[in-house]
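Asker: Take a look at the following structure, please.
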Amino acid sequence: MYRKVLRDNINIKKNKGLYRYYFENSRPVGCFPKASYDTYGEAIVWCSNDYLNMSHNNKVIDASINGCKKYGVGSGGTRNISGNTSSVMNVERAISKFHGKSDALIFNSGYSANSGSLCSLGKAFNDSIFFSDKDNHASLIDGIRRSGREKKIFNHNDICHLESLLKEQPLERKKIIVFESIYSMDGSTAPIPRIVDLAKRYNAFTYVDEIHAVGLYGKGGRGLCNMYNCEKDVDVIQAGFGKAFGTSGGYIASDKEVIDSIRLCAEPFIFTTSTSPVIAEATLESIKQIESFDEQRRKMKFNVRYMKSALIKNGFTVMNDEETHIIPVFVGDPFLCRQISNDLLNNFKHYVQPINFPTVPKWSERLRITPTYKHSRSMIDKLVLEMIQVFKNNNVKLN
């Protein structure tokens with residue numbers, strides 16, 4: 001009986017085009033941006049979050065090996081029991097300095113950082129209310145929900161709507177504005193200076209997710225808050241190590257009172273085995289290395305501009321006009337989106353991620369492309385030409 005219910009639910013998802021497929025692959029060092037797929041062979045990956053290929057950086061790899069030899073593989077437990085290692089503490093000191101904050105806190109993932117931190121803040125601020133961007137990530141939504149506090153949703157990047165909602169609340173009520181600096185499914189950027197200005201005028205606390213911006217924008221890759229000179233004015237900066245830093249884990253950076261409050265209350269932090277010293281040592285080295293990657297960031301941004309131009313010139317619908325590294329190409333049908341992705345991989349050895357509901361709204365299904373500095377112009381030209389062929393073969397009209 002129970003398994004029948006589960007099978008029926010799985011079949012419903014398949015019939016609606018919502019079933020998620022996970023392709024087994026390996027990423028040998030030195031092959032980026034290619035990966036090896038057991039079924040499909042070697043393919044060029046166009047949707048990796050390892051934006052600067054720091055996971056293959058020799059100094060980062062050496063740091064992880066040395067950390068393993070010196071401290072072993074595991075941390076020994078949760079941080080309040082036996083796992084508060086010096087390796088982890090050193091990463092927190094480095095990342096707080098990186099963002100110009102007085103303290104930082106590491107979680108095992110970006111999701112747990114958002115969920116645990118926002119839940120803790122909501123509970124700490126009595127009678128608080130959240131103001132959340134409509135397109136916020138599931139982890140942000142989860143943290144707000146778990147706090148049990150009231151929330152208001154403002155239209156995506158709509159400053160006027162946000163202000164109208166803030167105006168409805170007494171100035172003395174505790175208000176928390178939650179948003180992302182770069183939204184991972186459409187590549188849009190938040191108007192951070194204007195949100196900070198509203199927060200000052202309406203006595204609000206600000207929490208920004210910079211996970212797709214850190215490493216790529218701002219001085220030494222410090223993110224969009226840094227690029228807009230807003231780091232000091234944003235109360236909490238959240239990001240993670242699993243993308244541009246090339247390791248794993250999430251973090252928040254803020255002042256000591258905020259960090260200590262979350263450290264004492266966040267369940268995903270308190271009750272989870274702490275980060276391995278292998279990962280911590282690799283992350284510490286990655287933080288050092290990434291500041292000097294200006295040339296790689298420049299090359300990546302050139303590739304982004306080149307690819308967007310080629311896609312638009314050939315009639316594809318690129319779903320934003322900003323110069324961020326995330327390029328969403330509109331398809332508008334879940335089955336077609338999956339089919340196009342499969343055809344590109346099967347026939348031409350390109351892996352481009354299909355994005356379907358509930359990650360994005362229904363009928364806004366898209367391919368998500370993230371060119372890196374390691375993709376060549378010839379690779380981009382080849383992808384665009386073969387995308388044209390695959391779209392036409394699937395009767396998808398180009399503009």
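Laboratory data are not the source of any read-out in this text; all were calculated from the coordinates shown. Please read these numbers as outputs of a predicted model, since none were measured by experiment. As a convention, Cβ positions derive from the backbone with ideal geometry for all residues, glycine included, and neighbour counts pool all protein chains shown.
Asker: Looking at the chain as a GNM with Cα springs under 10 Å, which of 165, 224, 311 has the largest mean-square fluctuation?
Answerer: 165
Asker: Given the C-alpha centroids of the range 186-236 and the range 131-168, what is the distance between them in whole angstrom?
Answerer: 16
Asker: Something else about it: Among bridges DSSP assigns within the chain, what percent are antiparallel (round to 5)?
Answerer: Counting only bridges with both partners in the chain, antiparallel ones make up about 55 percent.
Asker: Using the number of other C-beta atoms within 10 angstrom as an exposure proxy, rank 366, 146 with the fewest first.
Answerer: Ordered from fewest to most neighbouring Cβ atoms within 10 Å, 366, 146 come out as 146, 366.
Asker: Something else now. In which sequence would 269, 205 go, from the one with the fewest C-beta neighbours within 10 Å to the one with the most?
Answerer: Starting with the residue having the fewest Cβ neighbours, the order is 205, 269.
Asker: Add -39500 (n - 2.57) for each DSSP H run of 4 or more in the chain, then divide by its residues: what number comes out at 222 nm, to the nearest 500 deg cm²/dmol? It would help to have the intermediate numbers written out before the result.
Answerer: Numbers: 14 runs with 169 residues, N = 399.
About -13000 deg cm²/dmol.
Asker: What whole-number value in cubic angstrom gives the convex hull volume per residue for the C-alpha atoms of the range 3-159?
Answerer: Residue-normalised Cα hull volume stands at 249 Å³.
Asker: Exactly which GluC sites (Glu not before Pro) in the range 148-185 are in a DSSP loop and have at most 11 other Cβ atoms within 10 Å?
Answerer: On the way: sites: 150, 163, 168, 172, 180; in loops: 168, 172.
Those satisfying the criteria are 168, 172.
Asker: Please report the spacing between the Cα centers of the range 362-399 and the range 27-99 in Å, no decimals.
Answerer: Cα centroid of the range 362-399 versus Cα centroid of the range 27-99: 30 Å apart.
Asker: Taking the highest mean first, how do the peptides 25-36, 92-103, 282-293 order by number of other beta carbon atoms within 10 angstrom per residue?
Answerer: 282-293, 92-103, 25-36
Asker: Amide H to amide H, which residues 5 or more places from residue 57 or on other chains are under 5 Å from it, using H placed in the peptide plane?
Answerer: So residue 57 has HN proximity to no qualifying residue.
Asker: Work out how much length residue 9 to residue 124 would gain on full extension: take 0.36 nm times their residue separation and subtract the Cα-Cα distance, in nm to one decimal.
Answerer: Result: 37.6 nm gained on full extension.
Asker: Starting at the first residue of the range 282-287, write each ³J(HN,Hα) from the Karplus equation 6.51 cos²θ - 1.76 cosθ + 1.60 with θ = phi - 60°, in whole Hz, x for Gly and Pro.
Answerer: So the Karplus estimates, Gly and Pro as x, are 5, 5, 4, 5, 5, 4 Hz.
Asker: Checking the a/c ratio against 1.5 first, then a/b against b/c, what shape does the Cα gyration tensor give for the range 291-399?
Answerer: It comes out prolate by the Cα gyration axes.
Asker: With +1 on each Lys and Arg Cβ and -1 on each Asp and Glu Cβ, and nothing else charged, work out how big the dipole of the chain is about its Cα centre, in Debye to the nearest 20.
Answerer: Numbers: 54 positive and 42 negative charges, 141 e Å.
It comes to approximately 680 debye.
Asker: Now for a separate question. Under the Kirkwood approximation applied to all pairs of distinct alpha-carbon atoms, what is the hydrodynamic radius of the range 58-290 in Å?
Answerer: 17.7
Asker: Would you work out the charge dipole size for the range 58-290 about its Cα centre, treating the Cβ of every Lys and Arg as +1 and the Cβ of every Asp and Glu as -1, and quote it to the nearest 20 debye?
Answerer: It comes to approximately 360 debye.
Asker: For residue 167, give me every one of the lysines with a C-alpha distance below 21 angstrom, ignoring sequence neighbours fewer than eight places off in its own chain.
Answerer: Hits, sequence-local ones excluded: 134, 151, 152, 175, 200.
Asker: Indicate the gyration tensor shape class of the range 358-399 (rounded, prolate or oblate), computed on the Cα atoms with a ≥ b ≥ c the square roots of the eigenvalues: a/c under 1.5 is rounded; otherwise a/b larger than b/c is prolate and the rest oblate. Before the final figure, lay out each step's value.
Answerer: Numbers: a/c = 3.65, a/b = 1.29, b/c = 2.84.
Cα axes put the range 358-399 in the oblate bin.
Asker: With a bin width of 5 angstrom, please list the P(r) values of the range 144-263 as percents of all Cα-Cα pairs, from the 0 bin to the one holding the largest distance.
Answerer: With 5 Å bins starting at 0, P(r) equals 2, 10, 20, 23, 22, 14, 6, 2, 0.
Asker: List, in order, the whole-Hz ³J(HN,Hα) value for each residue of the range 55-67 obtained from phi through the Karplus relation with A = 6.51, B = -1.76, C = 1.60 and θ = phi - 60°; use x for Gly and Pro.
Answerer: Working through the residues one at a time gives 5, 10, 5, 4, 5, 5, 4, 4, 5, 5, 5, 5, x Hz.
Asker: Return the whole-Å distance between the Cα centroid of the range 309-342 and the Cα centroid of the range 249-264.
Answerer: So the separation of the two Cα centres works out to 37 Å.
Asker: Past 22 Å, Cα to Cα, is the threshold; run 59/374; 34/397; 313/392; 97/288; 243/392; 59/101 against it and keep the listed order.
Answerer: Listed pairs above 22 Å: 34/397; 243/392; 59/101.
Asker: Right, next: With θ taken as phi - 60° and the coefficients 6.51, -1.76 and 1.60, list the Karplus ³J(HN,Hα) couplings across the range 240-254 in order, rounded to whole Hz; mark glycine and proline as x.
Answerer: My calculation for the range 240-254 gives x, 9, x, 10, 5, 6, x, 10, 7, x, x, 7, 10, 10, 6 Hz in order.
Asker: Starting from the amide H of residue 205, placed 1.01 Å from N in the peptide plane, find each other amide H under 5 Å away whose residue is 5 or more places distant or on another chain.
Answerer: 175, 176, 177
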